[in-house]
Amino acid sequence: MTEFAAAIQALHPQLMRFARSQLRNDARAEDAVSETVLAALAKPQAFAGQSQLKTWLVGILKHKLVDQIRRHSKEVSATLR
């Protein structure tokens, strides 16, 4: 495991806590955090070091949370029809 991957893994509990507080659903929160970690590991060069790693990851996570909320609202509206 690279140092970068280890640093991301160390922040996993904090990312999960934030995702759970926003989504109020453990499974969807885990999906959003997993997608965040995968996105960060796929493009480590995108982290320019101009901020804290946690700040960068939370920024990615916020976008993933919005995606989760949109997906869930579409699923709910499709179910109600």
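The values are calculated or read from the model by the stated rules, or taken from the named source; none is laboratory data. Remember, it's a predicted structure, so these values are computed and weren't measured experimentally. All Cβ positions, glycine included, derive from the backbone under ideal geometry; neighbour counts span all protein chains shown. With ligands, DNA and RNA removed, areas are computed over all heavy atoms of the protein, side chains included. Shrake-Rupley method; radii C 1.70, N 1.55, O 1.52, S 1.80 Å.
Annotations for the structure displayed:
So that you can scan it fast, the table gives a plain yes or no per residue for (1) in contact with a helix residue (DSSP H, G or I) (Cβ under 7 Å, 6 or more places away or on another chain); (2) surrounded by 13 or more Cβ atoms within 10 Å (Cβ to Cβ):
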| site | (1), (2) |
| --- | --- |
| F4 | yes, yes |
| I8 | yes, yes |
| L11 | yes, yes |
| L15 | yes, yes |
| S21 | no, no |
| D26 | yes, no |
| S34 | no, yes |
| A39 | yes, yes |
| Q50 | no, no |
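- Residue within region 52-59 that is small (G, A, S), open to solvent by less than 100 Å² (accessible area, probe 1.4 Å) and at positive phi present: no
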